[in-house]
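Trainee: A single structure is presented below for examination.
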Amino acid sequence: MTMRKCWVITEGHAGMEAQGRGLAEALGLTPEIKRVRVRLPWDWLPNRLWFRPLAAPTRDSDPLVPPWPDLVISCGNVSAPLAVAIKRASGGRTRIVHIQNPRMNLAAFDVVVVPRHDNVDGSNVIVTKAAVHAVTAAKLAAGAERWRPVFAHLPRPLTAVLVGGSNRRHRLTPAISRRLADDLLRFARVSGGGLAVTPSRRTDPGCVAILRERLAGAPVYIWDGTGENPYFGMLALADSIIVTEDSVSMTSEAIATGKPVYVAQLEGESRRIRRFHEMLMADGITRRFDGSVATWRYDPPDDTARAAAKIRQRFGWS
């Protein structure tokens, strides 16, 4: 059987790439990642009004040129019109799957995969509980094997702390960092366990320094940002997980483990992300983080595998 060629097109944000890569892998494909940025006047225009979309990417973007792939998985507003333009340029041969609300005509896509908090529906729409992602049992098992010796000195129960950062809606400030560190210290004292902390690309170095300073003396591992990221090892080996509220992707990956997931509040608010967290809390999947310790169980969503199965069925792929 000929291997299908797949592109994942995003603006390069880690969360978007993880969603596209995870869906591609669930379809049995090894995707080529395409990171794009767009120039004037396209970045001023709503994507539904873009003219000549394939002329929009900047020179330092990854090229979007023939031969066209069998499948494009796009994620984010910028990539949506590019995917539609590729389908048109391929004479309709390229199939396109968009992740998240494309904010343009849904009928332009073969499939749209949308989390329920986006409130989008249509005949070609697959609605998921959380975001699709790249977390699998195999990756968790490999992460556990790789990182178990590194975390062996930390007492149990082990809590993974996934720290995001400021974006257009949320802010991780020095004050929030100090509050988070104090809550983590209280959590560690009450639980009697250790902490494994990983910052993200968006975490301000000053906030990492605050966490490192205030957690000094506690049983804690803080990734320094060099070498391999221990992210999958932390997800696999932790007994519970704390994640900052700014990232739908990190929360979705955390709840895929089935472990208790606490959500730490930042400054600012996104109505869309607030709905996401409210729905998960109403389902009994996550809880707010305030330094207190609890234990609960839930059935982890299987959104990625379910979406991939529906896409294969729609495309007639065995």
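The values are calculated or read from the model by the stated rules, or taken from the named source; none is laboratory data. These figures come from a predicted structure and were not determined experimentally. All Cβ positions, glycine included, derive from the backbone under ideal geometry; neighbour counts span all protein chains shown.
Trainee: Which condition number in (1) buried (at least 16 other Cβ atoms within 10 Å of the Cβ); (2) over 25 Å from the mean Cα position of the chain (by Cα); (3) acidic (D, E) is the one that E213 fails?
Mentor: (1)
Trainee: What number of residues within the range 75-116 are without any contact (Cβ under 8 Å) to a residue 24 or more places away in the chain and under 16 Å from the mean Cα position of the chain (by Cα)?
Mentor: Of the residues in the range 75-116, 2 are without any contact (Cβ under 8 Å) to a residue 24 or more places away in the chain and under 16 Å from the mean Cα position of the chain (by Cα).
Trainee: Any idea how many residues of the range 170-195 are closer than 19 Å to S249 by Cα and in contact with a helix residue (DSSP H, G or I) (Cβ under 7 Å, 6 or more places away or on another chain)?
Mentor: Total meeting the criteria: 1.
Trainee: What residue, among those in the range 1-26 that are surrounded by fewer than 21 Cβ atoms within 10 Å (Cβ to Cβ) and not charged (D, E, K, R), is nearest to L82 (Cα to Cα)?
Mentor: G12
Trainee: Return the residues of the range 23-55 that are among the aromatic types (F, W, Y) and either in contact (Cβ under 8 Å) with a residue 40 or more places away in the chain or in a loop (DSSP other than H, G, I, E, B) (or both); say none if nothing qualifies.
Mentor: Of everything in the range 23-55, those that are among the aromatic types (F, W, Y) and either in contact (Cβ under 8 Å) with a residue 40 or more places away in the chain or in a loop (DSSP other than H, G, I, E, B) (or both) turn out to be W50, F51.
Trainee: Select from the range 176-201 the residues that are in a helix (DSSP H, G or I) and among the basic types (K, R) and list them in ascending order.
Mentor: R178, R179, R186, R189
Trainee: Can you confirm whether the range 308-316 contains a residue that is within 18 Å of the chain's Cα centre (by Cα), at pLDDT 95 or above, within 30 Å of I96 (Cα to Cα) and crowded, with 20+ Cβ neighbours inside 10 Å?
Mentor: yes
Trainee: Further question: Looking at the range 246-277, which of its residues are more than 17 Å from Y298 (Cα to Cα) and part of a strand (DSSP E or B)?
Mentor: A264, E267, G268
Trainee: Within the range 202-245, count every residue that is part of a loop (DSSP other than H, G, I, E, B), touching a Ser or Thr at 6+ places or on another chain (Cβ under 8 Å) and of a type in the set (S, T, N, Q).
Mentor: 1
Trainee: Select, from A83, A56, A14, the only residue that is out of contact with any Gly (no Cβ under 8 Å at 6 or more places or on another chain) and farther than 28 Å from S166 by Cα.
Mentor: None of the others qualify; the one that does is A83.
Trainee: Also, quick follow-up: Looking at V65, V72 in this structure, which one is without any contact (Cβ under 8 Å) to a residue 60 or more places away in the chain and among the aliphatic types (A, V, I, L, M)?
Mentor: It is V65.
Trainee: Have a look at F232, F276, F289 and point out the one that is under 22 Å from K139 (Cα atoms), in contact (Cβ under 8 Å) with a residue 40 or more places away in the chain and of a type outside the set (D, E, K, R).
Mentor: After applying the criteria, what remains is F232.
Trainee: Another question, then. Kindly evaluate V150 against the criterion of being within 23 Å of Q313 (Cβ to Cβ), touching a strand residue (DSSP E or B) at 6+ places or on another chain (Cβ under 8 Å) and not in a loop (DSSP other than H, G, I, E, B).
Mentor: no
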